[in-house]
Amino acid sequence: MNETPSDSSQPTESSVPIDAPLPERIAQAVARFGEAAFTQRAIGLLEGRNEGEDVLLYVGGRHAQGLLDGAPALYWPELWGARALLHVWDDSAEAAVVRGVDNRAWRVREMCLKVCAERGIGDESLLKRRTTDENPRVRAAAARALAAIGTAESEEPLRRMLRDPDKDVRRAAGESLKELAARLE
């Protein structure tokens, strides 16, 4: 009987449905790991830890397979960890998300701001600082997060954003001002 030695550099088959939509992949990850444990793994990714190939595939899908096949990781695992927190949550994630608002990668900053808006978390002064971020998508996400958690002190930075050179930022600021006013009534 001839046995071929296994080559550990070859990709392994995974039961993760990498082509399924993200909500479906997240639901399957929660079924496999439990919501609390999977949330902790998402936090780990956001904080730059290796949480294993399957976790990466659940949160990143086919794109994560590309990383596992050798593409540079850059900021993608951190981004996917933050994005997973839009779908699963535990209050223990708040500190990591707030720290992520200052991540060097604009996509991670933007996603963490989206999580802040969705979960109603964040530090108002930090969010106000992001209204002048170099990236317009981050500025727009900061406006939306301020609408979710800001106080009357958030009105002035949002009003300044109405003059932003980027029309999407101006639009986000206008919508955010209305939402903030309605929330503060």
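Table for the structure above
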{"quantity": "Enumerated helices (runs of 4 or more DSSP H) restricted to the range 76-185, each holding at least 2 residues that are among the β-branched types (V, I, T) and either open to solvent by 20 Å² or more (accessible area, probe 1.4 Å) or under 24 Å from E47 (Cβ atoms) (or both)", "calculated": "94-100, 106-119, 136-149"}
{"quantity": "Conditions (1) on the phi > 0 side of the Ramachandran plot; (2) open to solvent by 50 Å² or more (accessible area, probe 1.4 Å): number failed by G61", "calculated": "(2)"}
{"quantity": "Output for the range 100-145, where each listed residue is farther than 18 Å from L85 by Cα and among the basic types (K, R)", "calculated": "R104, K128, R129, R130, R137, R139"}
{"quantity": "Where a residue in the range 143-155 is modelled with pLDDT of 95 or more and its partner, wherever it lies, is open to solvent by 60 Å² or more (accessible area, probe 1.4 Å) and part of a helix (DSSP H, G or I), with Cβ under 6 Å and at least six apart", "calculated": "A147/E179"}
{"quantity": "E47 being surrounded by fewer than 18 Cβ atoms within 10 Å (Cβ to Cβ) and within 19 Å of the chain's Cα centre (by Cα)", "calculated": "yes"}
{"quantity": "Close pairs (9 angstrom Cβ cut-off, 6 or more residues apart or separate chains): under 12 Å from H87 (Cα atoms) and modelled with pLDDT of 95 or more in the range 23-45, surrounded by 16 or more Cβ atoms within 10 Å (Cβ to Cβ) and among the basic types (K, R) anywhere", "calculated": "A29/R41; A42/R83"}
{"quantity": "Conditions (1) under 26 Å from A27 (Cβ atoms); (2) in contact with a Leu (Cβ under 9 Å, 6 or more places away or on another chain): number failed by L127", "calculated": "(1)"}
{"quantity": "Selection within the range 52-71 - acidic (D, E) and without any contact (Cβ under 8 Å) to a residue 12 or more places away in the chain", "calculated": "none"}
{"quantity": "Pair list, Cβ < 7 Å and 6+ apart or interchain, from the range 111-133 residues that are at pLDDT 95 or above to residues that are among the hydroxyl-bearing types (S, T, Y) and open to solvent by less than 50 Å² (accessible area, probe 1.4 Å)", "calculated": "E124/S154; K128/S154"}
{"quantity": "Scope the range 46-62; condition in a helix (DSSP H, G or I) and under 14 Å from E94 (Cα atoms); matching residues", "calculated": "L46"}
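The values are calculated or read from the model by the stated rules, or taken from the named source; none is laboratory data. It should be emphasised that the depicted structure is a prediction, and the values quoted were computed from it without experimental measurement. All Cβ positions, glycine included, derive from the backbone under ideal geometry; neighbour counts span all protein chains shown. Ligands, DNA and RNA are excluded from the accessible area calculation, which covers all protein heavy atoms including side chains. Shrake-Rupley method; radii C 1.70, N 1.55, O 1.52, S 1.80 Å.
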